[in-house]
Amino acid sequence: MTTNTTLLGIIDYGMGNLHSVTKSLQRLGAQCQRLCSGADLRRWEDSGGVALVLPGVGAFDPAMTQLADRDLIQPIGHWVRRDRPLLGICLGLQLLFSGSAEGRLAGLNLVPGTVEPLKPTADEPVPHMGWQPLISADSSPLFPSREEQWVYFVHSYGAMPREAAVVAAHVMVARQPVTAAIAHGALVATQFHPEKSGPCGQRILARWLEHLPC
């Protein structure tokens, strides 16, 4: 459960909505530290860091380039492979996968699968933007099906996990299910923006914090 000493590491690689994410988590009582390099991440872990947050807005290849330039790829992977908590948001979810049709670079490859372009229709253009309800798989306590959860999306690509069990919730886009959230061990990620999703988004973030190790 989170307290005012819960130390979160917010990964800053120059392509995330860090201010909004940080403020949302601080309102819930978390202490947040910005991590701009692999050295920052290692020092943060040594000082008692509890969970990482990987936000992201923008394109896949530039994001992976920034992570590589800041020596963040290996320490992020080392953290997740030890089943330590990480929350990915929007592009941060997509970067966890093996790769994306948007670019040529490999992703973090922490979740098997790819990221593919959404297919527009006459009545549902791309990017997929706006508020929509989550359809929960009831596989994660963060997204209970008993609760109606309307959240905010802005994206043109969707993740396609190799293992269907990884999908914790989806959303309908052009009458097709698209991954809205994944949960795999201590790894959780959302395609939507919880920090922009009002009270519902705050509840999701609060549940995530409540399930962190003390």
| query | Do we have Arg34 as surrounded by 19 or more Cβ atoms within 10 Å (Cβ to Cβ) and basic (Lys, Arg) here? | reply | no
| field | Members of the range 35-60 that are farther than 20 Å from Leu108 by Cα and outside any loop (DSSP other than H, G, I, E, B) | value | Arg43, Trp44, Asp46
| remark: By my count, strands (runs of 3 or more DSSP E) wholly in the range 135-214 with at least 3 residues that are on the phi > 0 side of the Ramachandran plot are none
| said: Given (1) touching a Gly at 6+ places or on another chain (Cβ under 6 Å); (2) under 21 Å from Ala186 (Cβ atoms), identify the lone condition not met by Asp61. | reply: (2)
| request: Could you check how many residues of the range 114-130 are touching a Gly at 6+ places or on another chain (Cβ under 9 Å) and assigned to a strand (DSSP E or B)? | output: 5
| In the range 184-205, the residues that are among the hydrophobic types (A, V, I, L, M, F, W, C) and either crowded, with 20+ Cβ neighbours inside 10 Å or closer than 14 Å to Thr114 by Cβ (or both) | Leu187, Val188, Ala189, Phe192, Ile204, Leu205
| field | the range 138-150 residues that are at pLDDT 90 or above and of a type in the set (A, V, I, L, M, F, W, C), paired with ones that are surrounded by 13 or more Cβ atoms within 10 Å (Cβ to Cβ) and assigned to a loop (DSSP other than H, G, I, E, B) (beta carbon under 8 Å, 6 or more apart) | value | Leu142/His211; Phe143/Leu134; Phe143/Ala137; Phe143/Gln149; Trp150/Leu134; Trp150/Ser197
| query | Has the range 101-116 got at least one residue that is crowded, with 21+ Cβ neighbours inside 10 Å, under 17 Å from the mean Cα position of the chain (by Cα) and among the polar types (S, T, N, Q)? | reply | no
| task | Output the residues belonging to the range 9-19 that are within 14 Å of the chain's Cα centre (by Cα) and either of a type in the set (Asp, Glu) or not in a strand (DSSP E or B) (or both). | result | Asp12, Met15, Gly16, Asn17, Leu18
| field | Residue count, the range 97-113 (criterion: under 21 Å from Gln74 (Cβ atoms), part of a loop (DSSP other than H, G, I, E, B) and either touching a strand residue (DSSP E or B) at 6+ places or on another chain (Cβ under 8 Å) or of a type in the set (A, V, I, L, M, F, W, C) (or both)) | value | 5
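The values are calculated or read from the model by the stated rules, or taken from the named source; none is laboratory data. As the structure is a computational prediction, the values presented were derived from the model and not from experiment. For neighbour counting, all protein chains shown are included, and Cβ atoms are generated from backbone atoms with ideal geometry for every residue, glycine included.
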